[in-house]
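The values are calculated or read from the model by the stated rules, or taken from the named source; none is laboratory data. Fair warning: this is a prediction, and the values are worked out from it, not measured in the lab. Glycine also receives a Cβ, built like all others from the backbone with ideal geometry; neighbour counts cover every protein chain displayed.
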């Protein structure tokens with residue numbers, strides 16, 4: 001059985017108030033609304049509020065993660081500067097530099113992957129919010145994007161994630177230079 005036939009088999013025929021038949025997906029809001037009862041709207045509103053709050057918390061965690069990586073990578077460079085300035089580990093300095101460079105580059109990669117993960121999570125949450133909003137009195141988030149697009153026709157709006165993705169690459173530059181330098185030092 002093909003996916004289209006399976007989907008057709010799962011659809012329901014429902015008679016609406018004017019006597020016409022409508023096809024409704026079993027997991028659609030319309031099907032849930034019909035089977036839920038009169039408390040559907042207040043419960044949907046509460047669920048919407050909770051979901052928006054959860055999305056806001058994910059965004060806050062995303063900001064905290066960015067702060068963590070910036071602090072960690074900057075602190076690692078500061079520690080390296082101190083090690084070089086105080087002439088610590090002179091015998092193993094090239095190895096320490098190599099290990100620090102590799103650690104810094106790995107952290108930059110993990111940070112980049114973390115940003116992508118948060119982007120996917122936030123995108124999915126906004127999709128769900130946009131699916132709920134038509135059943136509420138006013139679709140706030142949808143309207144926000146419409147206004148943003150109207151006001152920025154002359155200039156392109158850059159989503160935070162697109163800008164945010166450059167930061168790990170920028171912070172990877174000193175670690176990449178350090179990697180090249182440490183390999184050079186080990187070879188001579």
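Every residue in segment 69-124 that is surrounded by 14 or more Cβ atoms within 10 Å (Cβ to Cβ), more than 17 Å from residue 174 (Cα to Cα) and free of Cβ contacts under 8 Å to residues at least 60 places away in the same chain, please.
114, 115, 119
Could you identify the single residue in 94, 101 that is in a helix (DSSP H, G or I), over 30 Å from residue 51 (Cβ atoms) and at pLDDT below 90?
Unique residue meeting the criteria: 94.
Output the residues belonging to segment 67-81 that are more than 18 Å from residue 177 (Cα to Cα) and modelled with pLDDT under 95.
Residues satisfying the conditions do not exist here.
Would you check which residues across segment 36-73 are in a helix (DSSP H, G or I) and more than 25 Å from residue 123 (Cβ to Cβ) and list them?
36, 40, 41, 42, 43, 71, 72, 73 - these are the residues of segment 36-73 that are in a helix (DSSP H, G or I) and more than 25 Å from residue 123 (Cβ to Cβ).
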